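See below for the structure under consideration.
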Amino acid sequence: MLSRRLKLRIGSTAAIALAALSASAVSANAGVLVSSAPSCADQKLSKPFAPWLDFANYTPLPGGNFEGSTSGWSLGSARVAAGNETFHVGGAGDASSLRIPAGGSVTSAPICVGLEHPTIRFFAKRHTGGTANLSTMRVDVLFENNLGILNTLPIGVVTASANWQPTLPMTVVANLLALLPGERTPVAFRFTPMLGGEWSIDDVYVDPYARR
């Protein structure tokens, strides 16, 4: 029979080998967000919410101004419609926004963020009428764990008025895994009207790092 010390040595060796195999399998089987994430180095920073005394640096969410391609977005029954948010933080010539009907839900294209409490902020308008006046909109973050499994976590609820307003900053969960170089991780966002209402969103920005 094997000695207890030899059994422990064999067990330890097997555990190390299994861990190494698991690590290689994870890197070879990245999930959809990691495989489709844009370059983290291409982010252009600005201060679009400075008029509201928010001087953090933000970068546009890809396709989040709804003025051109929405590649990477899953729109479902939502549609790009005429009518920009009234503050035109993305440019005076912008003329479109995204309209999400009751019962609809949209998921954004992925974007890289760091692990230091990044935030998301955008403009929203609730379309009124009947019970829609009670409607809210839930915002979820989608992220992968180190097995490539997609997870979803609610990060905020919007209760904007019938006029365009900037949302409050919503903190993206801080315990995301660093799956990309430079301790970055890809995330996407889901916008879902609640209680039967119809919403419009526009000019979606992400503060990809800590507030500086």
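Please report SER161, SER46 as a ranked list, fewest other C-beta atoms within 10 angstrom at the top and most at the bottom.
Numbers: SER161 10, SER46 13.
So the ranking, lowest neighbour count to highest, is SER161, SER46.
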Residue exposure sequence - TYR209, TYR58 - by fewest surrounding Cβ within 10 Å: TYR209, TYR58
Sequence-separation-based contact order of region 59-117, relative, with Cα cut under 8 Å and 6+ spacing, percent: 42
Sorted from largest to smallest, which semi-axis lengths in Å does the alpha carbon gyration tensor of region 31-207 give for its equivalent ellipsoid, taking the root of 5 times each eigenvalue? 25, 18, 15
Compute the signed sum of charges (Lys and Arg +1, Asp and Glu -1) over the other residues within less than 14 Å, Cβ to Cβ, of ASN133. +1
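The numbers here are math on the coordinates, done by the rules we state, and not lab data. Computed from a predicted model, the values in this text were never measured in an experiment. Glycine also receives a Cβ, built like all others from the backbone with ideal geometry; neighbour counts cover every protein chain displayed.
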